[in-house]
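The values are calculated or read from the model by the stated rules, or taken from the named source; none is laboratory data. All figures in this text were calculated on a predicted structure; none of them were measured in a lab. In this analysis, Cβ positions are derived from the backbone assuming ideal geometry, glycine residues included, and neighbour counts consider all displayed protein chains.
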Amino acid sequence: MLNQGKDQKAVFRKSVPVAIEALDVALRQLSTGNMEAVESLRRIANQLQINSSKFGYNDVAKASAQLASLPDVELTKQGRELVKLLYGLLGDHENPSTHILIIDSDLDSVQKMESLLQNRFHCVITVAHSAHEAMHLLADLTPNLILLGLILPDRDGRSLLVDLKRMKRLEDTQIVMISALDVQVVRSECLLLGADDLLGKPCSEESFLRLMGNIIETTSLEAMEESTNESLPNLQVGIEWLEKNAKVGTLVALLDVDHFHEVFDHEPFEEAERILSEVAARINGQLDEGTTLYGGDIDDFLLILPEGEIEQAKKTIRDLQQVVSSIPFTSVGGASYPLTFSAGLVKVTQPDSTEQVLTEGRHALAQAKRKGDGILHTHGDPDQPPRILLAEDDPMIVKLVQHRLQRAGVEVVAVNNGRDALEKGLSLPFDLIILDVKMPVHDGFEVTRRLRLEPSLKDVPIVLFTSLGSEQDLIRGFELGVDDYITKPFSPAELLARLLHLIRKRP
């Protein structure tokens with residue numbers, strides 16, 4: 001008899017995701033002023049009251065009865081309370097359905113994603129068409145997965161992403177950015193800001209479902225980071241070791257596998273993970289006693305070496321670089337990947353300085369990657385200041401940008417029209433080029449097109465200054481070879497951060 005009661009409760013729990021979805025739809029309709037949703041909410045509440053009472057869920061029955069009897073103006077609040085209560089039921093049992101929040105203003109795209117997800121997976125879907133609506137919904141919901149549009153009507157999706165990552169209760173929520181601007185620099189920035197992946201649109205049904213399947217049914221990128229190189233302790237363990245045990249003279253290196261995004265672009269997550277594990281195994285197999293490798297974020301590692309001479313540490317790292325690059329890595333499908341890694345090396349010079357050591361290590365690593373693939377740069381070696389070409393006809397903006405960048409040690413060459421931008425861009429080496437969309441002689445699109453015809457400039461990041469808000473205009477720029485865009489007016493601090501990020505990520 002007891003088992004029969006448990007089976008009956010299981011039947012009710014299986015119906016809970018359907019009830020949550022029905023409530024979400026009705027609440028969304030009510031928020032838009034659709035008064036037909038009032039009766040829909042009352043019908044759902046009445047049915048829930050009957051079903052939950054039958055199977056012994058008295059708290060759900062009570063909350064449903066309250067929802068059915070409240071005045072119209074109080075329905076939204078009580079409806080959200082009921083949804084939270086129902087999610088609590090799912091959280092008490094194994095294998096609950098996945099709750100997905102889609103934040104995107106593209107109605108056609110949202111409808112397609114909803115249809116594909118509901119037909120393939122056991123999930124509950126909530127939709128927000130703006131950042132404001134999303135934050136309102138998240139006051140009551142803690143989704144397992146958020147699909148976040150890059151361009152929203154009231155906010156840049158990257159800015160919203162930063163806020164979402166600051167919410168402690170969303171620390172286990174996977175966030176996938178969705179946008180037509182699926183280029184490597186946008187993907188890299190979103191990952192840096194905390195996104196788990198970026199999904200380009202239009203996207204084939206197969207690609208979309210494969211990515212969703214990896215997140216919903218098997219692993220997430222966070223799980224992949226933890227499982228990558230299962231024999232390795234993770235990065236946080238390494239940082240904690242430094243905080244507790246590092247002595248003056250301890251040597252620390254940050255390693256980054258060059259161009260590993262190409263493996264991710266061509267291989268399933270599981271296969272990319274296996275190849276990365278082979279990279280780690282090849283490094284780990286050459287380490288002397290006292291030297292430890294820690295797994296980091298996706299394709300980077302932390303290497304801690306005992307106290308010693310920095311020249312010996314350099315030799316050790318160069319030997320490791322040789323070991324990794326000596327034989328290409330081969331996928332199950334037969335693709336060959338000749339991989340290398342760059343490294344930034346730093347020596348601990350004072351106790352209790354872990355944060356400073358890691359900052360110096362990241363800087364050294366960025367300098368190494370600026371020089372090419374498979375490079376080692378040691379903190380304290382002379383740095384080459386980055387040089388940026390700025391093509392902008394507004395003298396106030398030129399002055400603002402020059403002041404901010406030069407304070408950060410960046411050399412700025414400024415021109416005020418497209419003709420001079422082409423001349424400078426084709427005759428001098430630059431680490432990054434900024435082009436205003438609307439310039440005399442040639443606009444930013446035309447200058448981009450011509451610069452990208454020059455083979456030597458194919459890897460130089462190009463950024464557009466624009467006042468345009470249309471995604472189609474941004475797509476045009478990306479199709480011509482633009483790496484990122486910055487909308488006027490802009491924050492000088494954000495401008496500097498994004499430009500330096502592009503320079504560091506340059507192949």
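Entry remark, the range 377-414: residues being over 16 Å from S491 (Cα atoms), of a type in the set (A, V, I, L, M, F, W, C) and touching a Leu at 6+ places or on another chain (Cβ under 6 Å) number 5 in total.
Scanning the range 156-191 for residues that are under 19 Å from S491 (Cα atoms) and surrounded by fewer than 18 Cβ atoms within 10 Å (Cβ to Cβ) turns up D156, S159, V162, D163. The C-beta contact set for the range 26-52 (first residue farther than 14 Å from A63 by Cα and of a type in the set (V, I, T), second residue modelled with pLDDT under 85 and surrounded by 19 or more Cβ atoms within 10 Å (Cβ to Cβ), distance under 8 angstrom, 6+ apart or interchain) comprises V38/L30.
Checking V398, V412 one by one, the residue that is under 30 Å from E360 (Cβ atoms) and modelled with pLDDT of 85 or more is V412 and no other. Suppose we filter V124, V110, V83 for residues that are farther than 19 Å from L198 by Cα, assigned to a helix (DSSP H, G or I) and of a type in the set (V, I, T); which single one remains? Going through V124, V110, V83 in turn, the sole match is V83. Please indicate, with yes or no, whether at least one residue in the range 332-345 is in contact with a helix residue (DSSP H, G or I) (Cβ under 8 Å, 6 or more places away or on another chain), on the phi > 0 side of the Ramachandran plot and either at pLDDT below 85 or not assigned by TED's automatic domain parsing to the domain that holds G444 (or both). Checking the range 332-345: not a single residue is in contact with a helix residue (DSSP H, G or I) (Cβ under 8 Å, 6 or more places away or on another chain), on the phi > 0 side of the Ramachandran plot and either at pLDDT below 85 or not assigned by TED's automatic domain parsing to the domain that holds G444 (or both). Scanning the range 319-327 turns up one or more residues that are of a type in the set (A, V, I, L, M), in contact (Cβ under 8 Å) with a residue 24 or more places away in the chain, touching a strand residue (DSSP E or B) at 6+ places or on another chain (Cβ under 8 Å) and closer than 16 Å to H259 by Cα. Which of the residues that make up the range 138-172 are part of a helix (DSSP H, G or I) and either out of contact with any Leu (no Cβ under 8 Å at 6 or more places or on another chain) or aromatic (F, W, Y) (or both)? If the condition is that a residue be part of a helix (DSSP H, G or I) and either out of contact with any Leu (no Cβ under 8 Å at 6 or more places or on another chain) or aromatic (F, W, Y) (or both), then S159, D163, K168, R169 are the ones that fit. Specify which of the listed residues (I50, I20) is under 19 Å from N144 (Cα atoms), in contact with a helix residue (DSSP H, G or I) (Cβ under 9 Å, 6 or more places away or on another chain) and at pLDDT 75 or above. One residue alone meets the criteria, I20. Across the range 264-284, the number of residues qualifying as closer than 12 Å to L232 by Cβ and in contact with an Asp or Glu (Cβ under 8 Å, 6 or more places away or on another chain) comes to 2. Being closer than 16 Å to E360 by Cα and at pLDDT below 90 holds for only one residue in A253, A272, A281, A246, and it is A246.
Of everything in the range 382-395 that is more than 18 Å from A408 (Cα to Cα) and not in a loop (DSSP other than H, G, I, E, B), the residue that is modelled with the highest pLDDT is A391.
Checked against (1) closer than 30 Å to D299 by Cα; (2) in a helix (DSSP H, G or I), L116 passes all but condition (1). Determine, yes or no, whether D104 is surrounded by 15 or more Cβ atoms within 10 Å (Cβ to Cβ) and not hydroxyl-bearing (S, T, Y). Yes. When the range 335-357 is limited to residues that are among the aliphatic types (A, V, I, L, M) and surrounded by 19 or more Cβ atoms within 10 Å (Cβ to Cβ), the one that is nearest to F430 (Cα to Cα) turns out to be A343. When we screen L365, L428 for residues that are surrounded by fewer than 13 Cβ atoms within 10 Å (Cβ to Cβ), in contact (Cβ under 8 Å) with a residue 24 or more places away in the chain and under 22 Å from H501 (Cα atoms), the only hit is L428.
Annotation: of all residues in the range 130-139 being of a type outside the set (G, A, S) and surrounded by fewer than 16 Cβ atoms within 10 Å (Cβ to Cβ), the one that is modelled with the lowest pLDDT is H136. Sort through D443, D420 and tell me the only one that's farther than 18 Å from S188 by Cβ, surrounded by fewer than 18 Cβ atoms within 10 Å (Cβ to Cβ) and in contact (Cβ under 8 Å) with a residue 12 or more places away in the chain. The conditions single out D443.
For A280, the criteria (1) of a type outside the set (K, R); (2) without any contact (Cβ under 8 Å) to a residue 40 or more places away in the chain; (3) over 20 Å from L500 (Cα atoms); (4) buried (at least 21 other Cβ atoms within 10 Å of the Cβ) hold in every case but one, which is (2).
Using the structure shown, decide if V437 is in the same structural domain as D483 (by TED's automatic domain parsing), over 15 Å from V482 (Cβ atoms) and not acidic (D, E). In short, no.
Taken over the range 415-438, the residue count meeting the criterion of being touching a Ser or Thr at 6+ places or on another chain (Cβ under 7 Å) and acidic (D, E) is 0.
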